[in-house]
Amino acid sequence: MLERRVVRDLEGQVDLPHVYTRPADLAAYAYDAWGASGERHLPDAVVFPATTEEVAGVVAVCAHHGAAVVPRGAGTGYAAGAAPIGGGVVLSLALMNRVRSIEPDALRLRAEAGTVTRAVHERAARAGLYFPPDPGSSSTCTIGGNVACNAAGPHTLRYGTTADYVTGVTAVLADGRVVRLGEEGGGSSPDLLALLCGSEGTLGVITEVTLRLVAAPAARATLAATFAGMEPAAGAVADLTAQGLVPAAIEFLDEGALDAVRRAGGTTVAAAGALVIVEVEGPRAEVDAESDAVRRAFAQAGAQSVEAAADEGEARRLWATRKAVSAAVAKVMIGKVNEDVVVPRDRIAELVARTRELAARHRLPVVNFGHLGDGNVHVTFLLDPRVPGERERADAAAGELFDTVLGMDGSLSGEHGVGAAKLAFVERQIGPGGVELERRLKSALDPRGILNPGKKVPYGQGTSEAASNEAA
C-alpha cells in the first residue's frame, strides 16, 4: 500500500479525480486479458494522466518514492504485461486518445499512445491511405500498446509488424525525463526506436507515436475454403508459397475454433476440420490472377468448399468468423490461456496435432487459430478458473506447449509479448548471454527497476529486479 504522502504527490501531477486508490476502483485494473485465466493482482493506485507532461510528473514521483510503474493501454494483452504484479501504480493512458495530425503528402500520422488502433485505421482510410498492422483486438487495443508489444496481425505476411511503421516516438524515461526520437524530434534515431518497440513498458512509457502510412491498395479479394483437417489446409498454403505468391493475409481456424464460434452463434460456416482465409491485394489485374491461383491451390489440396467475396460486405462476412474467435471462446468457457507461439510454417499442422495431445492429457479443451502465412499460432486452452486444479492444469499445458515450440525451433511469442506469463522460458529461447544483455539494457535505462517490473526481462530465483539492477 502506498503511503499517503505518495498519493498526495501523485494527485499533484494530475486532476484529483484522475487518481484511484479505493479497492473497488482498483479491481478493474488488477488484470489484463490474461486475467481470463483467473489471475488477479490489485495495484496500489491507478493514475490517468492527460498529457506527456503529466506522465512525466507521475513517473518522476514514482521514481522519487521507489514505486513501481505499470503502463497500461486498453489491457487487451494476453501475457500479463499490464498486470500489476506485486502492486505499484498503474499508469493508464486512456485519456491520451487523440489522433494529433495526419499528413497525407508525407504519408505520416501522429497519435497519442491511448488512441484505439481502429481510429488510426479509419483516419488513414479517410485520407485514401492504409496502416497495415491490424491485431485481432484493433477495435479496442491502443496504438501505444501495439508499439510496446510490436503487435502484428493477419497482414504481417506481406507488410510486416508495427515496428516497421514507427518513425517517431515520444517517451518518458524511468526518472521522468521526456525523450523524442525519430521524426517526433526532427532527427533520426532508428536504433533507439527499435529498442523501445517491443520493450513492453520496461524501458520507457510511450506517450505519442509517429506512424508511416502506405497507399491504399487499388483492389482486394478475399477467399475462404474449408478442409477436412489441418494437413490439407497447410498443403494449400505450401502450394501458394511454391508459386511465389505473397498474399496480404493467410489466416486459419482449426476444428475446435470453428466449433467454438458456431456454439457462440457467430458463424454459418459448416462443420470442418479447418478454415483458411486468404486475402490478396494490389492492381486489379494482379489481384484477379492471384485469386485464380488461390482457387487452384485450394482445389488441388482437396478443399471441401471454396467461397470468394463478391464485394466488401461479403469480405467482412468471411472475415467475421476469424474475428469472432476470441469472443466466442469466452462464451464457450469463462476462462482461457491464450499463447501466440511461432513455428516454421511447414510444421503448423504438426503443432496443432501436438496441442490436441496436450489438451487430452491435461483434460482441457483447446482451440487453434492464427496467421498461417507467418507461422504464428494462437493456441488457446479453455478453462473454468473456479474449478479446483483447472488453472494449474492449464499452466502445465502451456509450459509443455512452450517446450514443444522451442523444440521445433520456434518462438515463445509472435506479437503478444513475454509479459509475466512467459518469463520462465525466455532464457531457454535466447540463452544466458541474451538474458544478460537484456538485463544490462534494463539497468542502463531503469537502474531502480521501477518500470513494469516482473515483465519481459527474467531475473534469477530469489533475486529482485531492483536488487539486480543496483548490483549492476
Exercise for the section: Could you check how many residues of segment 386-404 are farther than 16 Å from VAL366 by Cα and in a helix (DSSP H, G or I)? Expected result: 1
Practice task
Determine the pairs where a residue that is closer than 13 Å to ALA249 by Cβ, located within segment 151-168, has a partner that is surrounded by fewer than 21 Cβ atoms within 10 Å (Cβ to Cβ) and among the hydrophobic types (A, V, I, L, M, F, W, C) with Cβ atoms under 6 Å apart, the partner being 6 or more residues away or on another chain.
Solution key: ARG158/VAL246
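Give me the residue from segment 113-148 that is over 22 Å from PRO217 (Cβ atoms) and at pLDDT below 95 and, out of that set, nearest to the chain's Cα centre (by Cα).
Filtering first and then ranking leaves SER137.
Let's see how each residue does on (1) under 27 Å from ALA260 (Cβ atoms); (2) outside the structural domain of THR226 (by TED's automatic domain parsing); (3) in a helix (DSSP H, G or I); (4) touching a residue at least 60 places away in the same chain (Cβ under 8 Å):
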position: SER291; (1), (2), (3), (4): no, no, yes, yes
position: ALA310; (1), (2), (3), (4): no, no, no, no
position: LEU318; (1), (2), (3), (4): yes, no, yes, yes
position: THR321; (1), (2), (3), (4): yes, no, yes, yes
Handout entry: Members of segment 354-368 found to be hydrophobic (A, V, I, L, M, F, W, C) and either on the phi > 0 side of the Ramachandran plot or surrounded by 14 or more Cβ atoms within 10 Å (Cβ to Cβ) (or both), listed by number
Key = LEU358, ALA359, LEU364, VAL366, VAL367
Problem - Residue pairs meeting the criteria (Cβ under 7 Å; at least 6 apart or on separate chains; first assigned to a helix (DSSP H, G or I), in segment 348-374; second of a type in the set (S, T, N, Q) and surrounded by 19 or more Cβ atoms within 10 Å (Cβ to Cβ)) - result: VAL352/ASN368; ARG354/THR404; THR355/ASN368
Problem - Meets criteria (assigned to a helix (DSSP H, G or I) and within 24 Å of LEU195 (Cα to Cα)) for LEU91 - result: no
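Which residue is surrounded by the fewest Cβ atoms within 10 Å (Cβ to Cβ), if the candidates are limited to segment 224-268 and must be among the hydroxyl-bearing types (Ser, Thr, Tyr), out of contact with any helix residue (DSSP H, G or I) (no Cβ under 6 Å at 6 or more places or on another chain) and under 18 Å from ARG317 (Cα atoms)?
Filtering segment 224-268 for residues that are among the hydroxyl-bearing types (Ser, Thr, Tyr), out of contact with any helix residue (DSSP H, G or I) (no Cβ under 6 Å at 6 or more places or on another chain) and under 18 Å from ARG317 (Cα atoms), the one surrounded by the fewest Cβ atoms within 10 Å (Cβ to Cβ) comes out as THR268.
The values are calculated or read from the model by the stated rules, or taken from the named source; none is laboratory data. This is a predicted model, so every value here is computed, not measured. Here Cβ is always computed from backbone atoms with ideal geometry, including for glycine, and neighbour counts include all displayed protein chains.
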